[in-house]
Ligand code: C5P
């Protein structure tokens, strides 16, 4: 699990977004974390400590003068075991107090007495967020090494629309998980293709394949977690975009090719995960093909699509190129052959072609030193291992 062994202090301050913190506690504990909830007086006006205690499985602390801590130093004791303090929601007032080092209640005192990272998720009305004082405080907090999560944008509880909403619990979870990942691609730029392509026959029909895009999207997320700037060129898939990833949707292999070539100059690494159609119908009918008689069947002629990976690898000064191969037999031989044929330093072989659509996978890495097997695991876990393997192999000139 993503947060196994992690202990978090979750601080709630006064804001209507407190109701989302109940869900956040559930997500954090489901991901393996233990969570100690601390609430300000104002937060208890929005959600009760009883709710937060039931969900976290631990008594909630709200007061500096709580007698339950044996040495009476709740502000020291509660954070000493913590791997991070997360404040969600963080109110305008709390951010102001934090930025100025005030410590007039338990939560603010915990924050100033901490020796672990602090992550805050602002939640407020858009004018409060845009207020020069708030922006000044946010800049101060960033300068002090505090991580700011969000805020999001959209409908607000007050009826207005704009920036300042607390991120959704799932988004917060993704950011908190990312915070604990090693940042071995910090500052690197990755270009990734993912998903199937769709090759039109007529305005309503076409040819595609069973690729779900899950592996490519997992690699995009893992690379982002590792600190990379990620551009994801995605064929047709309904998967949600990983947080912080720039996504460009395409349909056909030729669109994917043109988009990749327009982006590739800015990339340090190119990872071709997409299951690109090798062929497309030679002619696309402008009108829907009509059935004219019972025995009548249309004939389709095909032409070859451009090989995107080979085209990128053949460029002068190419990015570090990683290819994928789904082989149904003799992966060891075909994998290395394909690596050489495509002219790439690293090729990832899927064991079998049954990986399409699944949440787990089993892969083999081929490079000039031989092959390394990565045993069956969740696609995100494998993606993190692959990102680490890429980081390790990047030429020193890229750093
Ligand atoms: O040749 P094959 O399709 O087996 O090679 C697979 C690898 O090449 C994958 O990395 C895939 O994304 C890439 N590819 C490509 N453009 C194509 C066909 C495959 O980038 N037209």
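Just the ratio, please: alpha-carbon radius of gyration of the range 133-239 over 2.2 N^0.38 Å, N its number of residues. Write down the numbers at each step before the final one.
On the way: Rg = 18.7 Å, N = 107, 2.2 N^0.38 = 13.0 Å.
Rounded to two decimals, the normalised Rg is 1.44.
What angle do you read, to the nearest 10 degrees and between 0 and 90, between the alpha-carbon axis of helix 253-263 and the longest principal axis of the chain?
Orientation of helix 253-263: about 50 degrees from the principal axis.
Angle between the Cα long axis of helix 132-143 and the longest principal axis of the chain, 0 to 90 degrees, nearest 10?
70 degrees
Using only Cα atoms, tell me the angle between helix 379-393 and the longest principal axis of the chain; keep it within 0 to 90° and round to the nearest 10.
The answer is roughly 80 degrees.
Taking Cα pairs under 8 Å and at least six residues apart, what relative contact order does the range 256-346 come out at, in percent? Show your work: numbers first, answer last.
On the way: 84 pairs, mean separation 30.5, N = 91.
About 33 percent, as a whole number.
As a test, work out the antiparallel percent of DSSP beta bridges whose residues both lie in the chain, rounded to the nearest 5. Don't skip to the end; give the middle numbers.
Values: 21 of 63 bridges.
Antiparallel: roughly 35 percent of the beta bridges in the chain.
Determine the shape class of the range 189-398: with a ≥ b ≥ c the square roots of the Cα gyration tensor eigenvalues, call it rounded for a/c under 1.5, and otherwise prolate if a/b is greater than b/c, oblate otherwise.
Numbers: a/c = 1.80, a/b = 1.66, b/c = 1.09.
Prolate.
Could you work out the relative contact order of the chain? I mean the mean sequence separation of Cα pairs under 8 Å and 6+ apart, divided by the number of residues, in percent.
Values: 822 pairs, mean separation 42.8, N = 399.
Value for the chain: 11 percent.
With contacts defined as alpha carbon pairs under 8 Å and 6 or more residues apart, what's the relative contact order of the range 95-146 in percent? Write out the running numbers ahead of the final one.
Details: 28 pairs, mean separation 23.4, N = 52.
Reported as a whole number, the value is 45 percent.
Of all DSSP beta bridges located in the range 286-399, what percent are antiparallel, nearest 5?
Details: 11 of 17 bridges.
Bridges in the range 286-399 are about 65 percent antiparallel.
Normalised by the empirical 2.2 N^0.38 Å for globular proteins, what value does the Cα Rg of the chain take? Walk me through the numbers before you get to the answer.
On the way: Rg = 25.4 Å, N = 399, 2.2 N^0.38 = 21.4 Å.
Dividing the Cα radius of gyration by 2.2 N^0.38 Å gives 1.19.
Each reported figure results from applying straightforward, stated rules to the coordinates on display, with no laboratory input. This is a predicted model, so every value here is computed, not measured.
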